[in-house]
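Presented below is the structure to which this report refers.
The values are calculated or read from the model by the stated rules, or taken from the named source; none is laboratory data. Nothing here was measured: the structure is a model prediction, and the numbers come from that model. No Cβ is skipped: glycine too gets one built from the backbone with ideal geometry, and neighbour counts run over all protein chains shown. Keep in mind that these areas ignore ligands, DNA and RNA; they rest on the heavy atoms of the full protein, side chains included. Shrake-Rupley method; radii C 1.70, N 1.55, O 1.52, S 1.80 Å.
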Amino acid sequence: MGFLDQDYLLEKRAAKNLYESIKGLPILDAHNHADIEEIANNEGWQDIWEVEAATDHYVWELMRKRGVPEEKITGSASNYAKWKALSDVFPDIATNPTYEWIHLDLQRRFGIDKLICCENADEIWEKTKQALNKDSFRPQPLLKDMNVEILCTTDDPVVSLPYHEKANQEVTNIKFLPTWRPDKISNINSTSWYSDIKDLSAETDMEISDVYDLMQALEKTHSYFDKLGCVASDHGVEQPLAYHISKNRANKIFQKAINNMDLTAQEIRDYKAFLMHYYAELNAETDWVMQIHIGAVRDYRDKLKNNLGPDSGGDISNQNIEIANNLQALL
């Protein structure tokens, strides 16, 4: 079995037989972070850095671990300089899945079989740049070529979704569905939580002064997503918390938070548990799937968050958590 050949990941005959039986089926993508505005406008890309790394924090973290300066990752260096820096260290990450993902793109989309390194960085840059100038490399043709039938994006309830409507009107044979992800509202311990509540208030045209107002506002966005075809909510949590908390208790915690009073660790847990139950109730009413991403620790590196803002590549996973007992009440 060669590197990324037709038997990639198919080591046994049974695996090959299974793959042969399903390889022609369409893709139903239940979770991704695709840019729906980019898809709806059918805008292309200028270069390989923009395609593979400009928004990918997995790539950023790998480059940082290999000593690449931030200037050539998220800084003001040119995309060409960033691609050269990535190519220089790319052989060092050969055991990381990202190494395979990017090479799969080169093979299957661009027809390039060479392994990325400093010696062929310029060649790959030029070949991919030429390909990206073609209309066939715009988002909509690529999705159709990949046989995508359903694509579920990941979306914040505090924003409207005009581009889902546009994409569904203009793109045939593909459904673009939003996914309701209210993490910002749950993270009452975040420094941006109050501003996120204000954003939700503005988006729903409601004054949110207590937890009862908050529930109504969330229900309003939930209904809006449902009308656009949403079939799932999505929740990134370090540790699932789903025990029963009364509305009165949740409201007292909410009042402390909006009045800028310090919360105890237990109060933070109780508030998150209350909302997780409420999200599940809303989902049950609309028959949505509830996706819970467990063990996600966001913005772990203070330096990155403070200098570059949230979601800049400082996420890690934590497996030292309780799952089964914490979900029992919800289930």
Seminar exercise, completed: Residues whose modelled amide H sits under 5 Å from the amide H of residue 291, counting only those 5 or more places away in sequence or on another chain, are 233, 234, 235
Problem set entry | Cα gyration tensor shape for the stretch 1-143, rounded if a/c is under 1.5, else prolate or oblate | oblate
Exercise. Residue 148's amide H: which non-local residues (gap 5+, or another chain) put their own amide H closer than 5 Å, with H modeled 1.01 Å from N in plane and none for Pro or chain starts?
Worked result: 27
Exercise. Got a sec to turn the phi values of the stretch 250-259 into Karplus ³J(HN,Hα) couplings, 6.51 cos²θ - 1.76 cosθ + 1.60 with θ = phi - 60°, whole Hz, x for Gly and Pro?
Worked result: 4, 5, 4, 5, 4, 5, 4, 5, 6, 9
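Per residue, how much accessible area does the stretch 208-315 show when a 1.4 Å probe rolls over the protein heavy atoms, in square angstrom?
51
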Problem set entry | Cα gyration tensor shape for the stretch 1-66, rounded if a/c is under 1.5, else prolate or oblate | oblate
Problem set entry | Distance (nanometres) between label positions extended 7 Å along Cα→Cβ at residue 311 and residue 329 | 3.0
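Take the eigenvalues of the Cα gyration tensor for the chain, scale each by 5, and report the square roots as semi-axes in whole Å, largest first.
Over the Cα atoms of the chain, the semi-axes work out to 38, 24, 21 Å.
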Seminar exercise, completed: With Cα springs under 10 Å, the Gaussian network model of the chain assigns the largest mean-square fluctuation among 240, 310, 139 to 310
Problem set entry | Förster radius 45 Å - calculated FRET efficiency between residue 321 and residue 259, Cβ distance, rounded to 0.05 | 0.90
For this session: Over all alpha-carbon pairs of the stretch 189-331, lay out the pair-distance distribution in 10 Å bins, whole %, shortest bin first.
Result: 10, 35, 41, 14, 0
For this session: Can you tell me how much longer the chain between residue 195 and residue 107 gets when fully stretched, taken as 0.36 nm per residue apart minus their C-alpha distance, in nm with one decimal?
Result: 27.3 nm
Seminar exercise, completed: Here the gain from full extension of residue 252 to residue 285, 0.36 nm per residue of separation minus their alpha-carbon distance, amounts to 9.2 nm
Seminar exercise, completed: SASA check, residue 285, accessible area w/ 1.4 Å probe, all protein chains in place, rounded to nearest 10 Å², comes out at 140
Seminar exercise, completed: Per the C-alpha gyration tensor (a ≥ b ≥ c, the square roots of its eigenvalues), the stretch 235-311 is rounded if a/c is under 1.5, else prolate if a/b beats b/c, else oblate; here it's oblate
Exercise. For residue 118 and residue 98, what is the calculated FRET efficiency with R₀ set at 22 Å and r taken between the beta-carbons, to the nearest 0.05?
Worked result: 0.80
Seminar exercise, completed: Carbon plus sulfur, as percent of the 1.4 Å-probe accessible area of the chain, comes to 48
For this session: Name the residue, out of 233, 186, 21, whose mean-square fluctuation peaks in a Gaussian network model built on the chain with Cα pairs under 10 Å.
Result: 21
Problem set entry | Å² per residue, accessible surface of the stretch 1-154 at 1.4 Å | 57
